[in-house]
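The values are calculated or read from the model by the stated rules, or taken from the named source; none is laboratory data. None of these values were measured; they are calculated from a predicted model. Cβ atoms come from the backbone with ideal geometry, glycine included; neighbour counts cover every protein chain shown.
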Amino acid sequence: MKKTVLTLLSCLTLLSCGNAPKGDFVVSVKNPLHIERTDEVVEIPMADITARVSLTDEAQFIVTDKEGNEIPSQITHDDNLLFLANVKANGSSTYFINAGVPSQEPVAYTYGRHYPERVDDIAWENDVTAYRCYGPALQANGEKAYGYDVWVKNTPSLVVEERYANELNPATAAQIADLRRQHKNAEADELYHSVSYHVDHGNGLDCYKVGPTLGGGADALLDSEGNIVYPYCWANYEILENGPLRFMVRLTYKPFAYREDSLVETRVISLVKGSQLNKTEVSFAGLANAAPIVAGIVVHPENPNGYTLKGDEGYVSYQDLTDNIHNDNGQIYVGIVAPGMSEAKYQPFSPAEASQRGASGHVLVTDTYKPGSTYTYYWGSAWSKAGWQSHDEWDKYLSDYAKRLKSPLEVHY
């Protein structure tokens, strides 16, 4: 992928205009596409705002639209003001930034944290979807889970914290263990299913199988024979932002040998309100020469041909039938958007590897990683029980997403 600084979910074209009224910071957001833009990130450096708008007493910076409605905003870890713009196709919208007191408490649309109580998971969500990746405690157990996990949901409410709390409740676990000691396995199973996040209790569940694969969109380098050099679990993490509009975490991985080098991979993953996709920025310290890199989605034997390869449009997708097609858990649509990719392909496993990994292969986007650069791509999912009608609808979302990345909003102030 070509390195770019104009992306849908971070930087946009920022053109300074000095003609705003004194004390009123006016932002004009223009959409150059025939596609309506909804909840799309705008970031403006705080230094630019404070140069023209002063805060006093208990005042905060407030964003409003031209009708005077307050627009949710967030101060980012790198000192920008972030808000979400809505712009009609080939249209423009105007926003105002002023000092004031918000009329209500901010609503949290994103949240994530480290779950040491669940073998070091890091899990996060927004109002439409949820994800997790695996940590060092799981790796220490010997379990091989290299990729991202998908948690489906059909509610705008934040649910991940409650799912973990129910699944890991010590009192419930003790009751289940006691029932099993009494050989009351049916009662134990019933109690387990009443709290498990692998069961849909009305707002979704974890019914996605990762295994020793790239799961729902993880990246990896390739060796000289074209084999995936699977990343293991993260070693260190830092949550950079935790809502209300964007979650962002930096993951650092243990050093690993590659060619003659010792590499350290870093990923910065972010998810904003309303988006099905995570933005992921990948870098490798210690790499001497360019290397092939992929991002992939696992393909399972229940639907071996259920993928779409659209390298020319900048995306790949897969329709996953969940970890048990008999449980009526719907379908999970998974996708990667990577405009400028070198190739989109399906890479099958050998029979032996398919048996080992419990999967048929991967759908991959491929590119070349250059030392000192950042590889940026987007991955995520949607659920058929959350309003998504078909794989075709998901493909259109991904195609439009790629178009928006290529033609970012133009922000003038």
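Remarks
- Residues of region 17-40 satisfying the condition of being closer than 29 Å to L271 by Cβ, outside any strand (DSSP E or B) and either of a type in the set (A, V, I, L, M) or modelled with pLDDT under 50 (or both): L33, I35
- Residues (touching a helix residue (DSSP H, G or I) at 6+ places or on another chain (Cβ under 9 Å), over 19 Å from I228 (Cβ atoms) and among the hydrophobic types (A, V, I, L, M, F, W, C)) located in region 263-306: L277
- Subset tally (residues that are over 27 Å from the mean Cα position of the chain (by Cα), surrounded by fewer than 16 Cβ atoms within 10 Å (Cβ to Cβ) and charged (D, E, K, R)) for region 36-81: 5
- Lone qualifier among S93, S54 - being free of Cβ contacts under 8 Å to residues at least 60 places away in the same chain and touching a strand residue (DSSP E or B) at 6+ places or on another chain (Cβ under 7 Å): S54
- Pick from region 303-341, criterion of a type in the set (S, T, N, Q) and within 22 Å of the chain's Cα centre (by Cα), ranking: surrounded by the most Cβ atoms within 10 Å (Cβ to Cβ): S317
- All positions within region 41-51 that are aliphatic (A, V, I, L, M), touching a residue at least 40 places away in the same chain (Cβ under 8 Å) and part of a helix (DSSP H, G or I): I49
- Any chance L214 is touching a residue at least 60 places away in the same chain (Cβ under 8 Å), over 30 Å from V107 (Cα atoms) and crowded, with 17+ Cβ neighbours inside 10 Å: yes
- Filtering T76, T56, T94 for residues that are more than 22 Å from E241 (Cα to Cα) and either assigned by TED's automatic domain parsing to the domain that holds G243 or touching an Asp or Glu at 6+ places or on another chain (Cβ under 9 Å) (or both) leaves a single hit, T94.
- Residue within region 133-140 that is outside the structural domain of R267 (by TED's automatic domain parsing), in contact (Cβ under 8 Å) with a residue 12 or more places away in the chain and in a helix (DSSP H, G or I) present: no
- Sole residue being out of contact with any Leu (no Cβ under 8 Å at 6 or more places or on another chain) and modelled with pLDDT under 95, chosen from G311, G340, G361: G340
- At least 1 residues being in contact with a strand residue (DSSP E or B) (Cβ under 6 Å, 6 or more places away or on another chain) and either assigned by TED's automatic domain parsing to the domain that holds Y230 or aromatic (F, W, Y) (or both) is the threshold, and among the strands (runs of 3 or more DSSP E) wholly inside region 306-413 those reaching it are 307-310, 315-320, 332-337, 343-348, 361-369, 375-383.
- Summed over region 269-294, the residues that are surrounded by fewer than 20 Cβ atoms within 10 Å (Cβ to Cβ) and within 13 Å of D219 (Cα to Cα) give a count of 3.
- Sole exception among (1) without any contact (Cβ under 8 Å) to a residue 12 or more places away in the chain; (2) assigned to a loop (DSSP other than H, G, I, E, B) for A165, by number: (2)
- Test result for N289, touching a Cys at 6+ places or on another chain (Cβ under 8 Å), assigned by TED's automatic domain parsing to the domain that holds T374 and not in a strand (DSSP E or B): no
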